[in-house]
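Peer 1: Below is the structure I would like to discuss, written out as structure tokens.
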Amino acid sequence: MNFLDPKLEDYLAQHHTEEPELLARLNRETHLKVLQPRMLSGPLQGRFLAFLSKLLAPKYILEIGTYTGYSALCLAEGLAPDGELHTLELNDELETMALSYFKAAGYSTQINMHIGDALQSLETLSRPWDLVFIDADKPRYLDYYQKVIEQMPRGGIILADNVLWSGKVLEKPDPNDESTLALLEFNTFVQEDDRVENVLLPLRDGLMCIRKK
């Protein structure tokens, strides 16, 4: 589902800071070598992630769903000099590519990649997360949210990607469509959660922006 006219999307692409060369290279390599390259954040969302991270200057960033490392590198642009970014990924076949780009960008000592089940990885991590980006398996979005919200300080930000799910949130869901049902539940839960304030942006496939009060 296209949320914007393609001509308007082209205009937007011409009016944000240029994608850094290293990220452009990672973008190309992902499209050439990895299945489902549309999962990549891409230049527009990537510049938004970097912009927000620079505003926050977070010391502790958590990313759930690394893929090939594009969004982690964008988020790391605003990381405090002594900060840490922890990124969780289930698919170990993506580890080598992601780590190579983290090293090339100079973040090999600040970005920590954890391979395995994300909820299990979170059991071993305890940080006052300043910024969290959720972009993993949709049926567990609410589980991830509930796990990290209590660890976050007041003013901490959670970003949840793909929450419009190609417009399926507007349709009567198939009872067997686990992802759509989970995202509907997640969006409703966040909207009714009095611990936070939120805004849902029609950026790419929908980005829920959440601030802990």
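The values are calculated or read from the model by the stated rules, or taken from the named source; none is laboratory data. Just so we're clear, the structure is a prediction, and the values are computed from it rather than from any experiment. With ideal geometry, Cβ positions are generated from the backbone for all residues, glycine too; neighbour counts draw on all protein chains shown.
Peer 1: Do we find a residue being hydrophobic (A, V, I, L, M, F, W, C), in a helix (DSSP H, G or I) and within 24 Å of Pro139 (Cβ to Cβ) anywhere in the stretch 34-42?
Peer 2: Checked against the condition, which is being hydrophobic (A, V, I, L, M, F, W, C), in a helix (DSSP H, G or I) and within 24 Å of Pro139 (Cβ to Cβ), the stretch 34-42 yields at least one hit.
Peer 1: Sticking with this one: Here are some residues: Ala76, Ala80, Ala118. Which one is over 17 Å from the mean Cα position of the chain (by Cα) and hydrophobic (A, V, I, L, M, F, W, C)?
Peer 2: Ala80
Peer 1: Among the residues of the stretch 20-58, how many are among the charged types (D, E, K, R) and more than 17 Å from the chain's Cα centre (by Cα)?
Peer 2: 5
Peer 1: State yes or no: is Ser126 surrounded by fewer than 16 Cβ atoms within 10 Å (Cβ to Cβ), at pLDDT below 95 and not in a loop (DSSP other than H, G, I, E, B)?
Peer 2: no
Peer 1: Can you tell me which residue in the stretch 159-206 is surrounded by the most Cβ atoms within 10 Å (Cβ to Cβ), limited to those that are within 21 Å of Leu12 (Cα to Cα), charged (D, E, K, R) and at pLDDT below 95?
Peer 2: So the residue we want is Arg204.
Peer 1: Check off (1) touching a Pro at 6+ places or on another chain (Cβ under 9 Å); (2) among the hydroxyl-bearing types (Ser, Thr, Tyr); (3) at pLDDT below 95 for Tyr60 and give me the number that stays unchecked.
Peer 2: Exception for Tyr60: condition (3).
Peer 1: Now for a different question. So, of the residues in the stretch 89-120 that are of a type in the set (S, T, N, Q) and surrounded by fewer than 16 Cβ atoms within 10 Å (Cβ to Cβ), which turns out to be nearest to Thr66 (Cα to Cα)?
Peer 2: By that ranking, first place goes to Asn91.
Peer 1: Which residue pairs have Cβ atoms closer than 9 Å, lie 6 or more positions apart in sequence or on different chains, and pair a first residue in the stretch 94-109 that is without any contact (Cβ under 8 Å) to a residue 12 or more places away in the chain with a second residue that is of a type outside the set (Gly, Ala, Ser) and in a helix (DSSP H, G or I)?
Peer 2: Pairs found: Ser108/Leu99; Ser108/Phe102.
Peer 1: Condition first: in a helix (DSSP H, G or I), of a type in the set (D, E, K, R), under 23 Å from Glu123 (Cα atoms) and at pLDDT 95 or above. Can you find one or more residues in the stretch 78-92 that meet it?
Peer 2: yes
Yes/no per residue for (1) over 24 Å from Gln110 (Cβ atoms); (2) aromatic (Phe, Trp, Tyr); (3) touching a His at 6+ places or on another chain (Cβ under 7 Å):
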| position | (1), (2), (3) |
| --- | --- |
| Thr17 | no, no, no |
| Pro20 | no, no, no |
| Arg28 | yes, no, no |
| Lys33 | yes, no, no |
| Leu49 | no, no, no |
| Leu55 | no, no, no |
| Ile64 | no, no, no |
| Tyr67 | no, yes, no |
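Peer 1: Here's something else I'd like to know. Residues being more than 15 Å from Ser100 (Cβ to Cβ), charged (D, E, K, R) and in contact (Cβ under 8 Å) with a residue 60 or more places away in the chain: count how many of those fall in the stretch 8-41.
Peer 2: Here the count works out to 0.
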